[in-house]
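The structure appears below as structure tokens.
The values are calculated or read from the model by the stated rules, or taken from the named source; none is laboratory data. Bear in mind the structure is a predicted one, so any value in this text is a computation, not a measurement. Reconstructed Cβ throughout: ideal geometry from the backbone, glycine too, with neighbour counts over all protein chains shown. SASA here: full protein model, heavy atoms, side chains in, ligands and nucleic acids out. Shrake-Rupley method; radii C 1.70, N 1.55, O 1.52, S 1.80 Å.
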Amino acid sequence: MEPEQQHPPVRQLRVVVEAADYDAALAFFRDALGLPESASFAEGPEDRVAILEAGRATLEITSPAHKQVIDRIEANGRPSPAIRLAFEVDDAPETTDRLQDVGGEVVSAPVRTPWQSLNSRLNAPAGLQITLFQELLPADERAAKPGFSTEH
């Protein structure tokens, strides 16, 4: 008899965003960024929702001091809102250009961070600010570098 597999208490993180321009937000996130639509529902021309898959979800909790460091490195010191979405992509420069072409406002072009990622920052539809990041090293190599401890 196999032991029962334990599941984490939370199975999914879903960020719900109200978009005044629903069509622009859908074109940006689904069509240009490439988040696949897993479901959509409509009860009329104005009552619509689309659920987009974004790969693995994590919740990054940062101290105010570290948020300032991220803003300094990633956006030339321009402060980000309390909630910002970050998407891991294969090619940060190409994705940044593609999103700019469909209405994303580049806050900061891709920059190499001390965390060994290539990050850009954009203002996106629905009043969201997003980071695109491309990992430049495998996780095990990054974890061996100074500053990557899991101490708390």
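The table below gives the values:
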read-out	value
Spread of Cα-to-Cα distances over 5 Å intervals beginning at zero, given as percent, for the stretch 49-133	3, 14, 25, 28, 20, 8, 2, 0
Environment charge of PRO81, counting only residues whose C-beta is closer than 12 Å and scoring Lys/Arg +1, Asp/Glu -1	+3
Residues of the chain: accessible area per residue with a 1.4 Å probe, Å²	71 Å²
Loop-exposed GluC sites (Glu not before Pro) per DSSP, neighbour cap 13 Cβ within 10 angstrom, longest uninterrupted part of the chain	61-150
Distant alpha-carbon pairs in the chain (separation over 27 angstrom), percent	31 percent
For the chain: relative contact order, % (alpha-carbon pairs under 8 angstrom, 6 or more apart)	20 percent
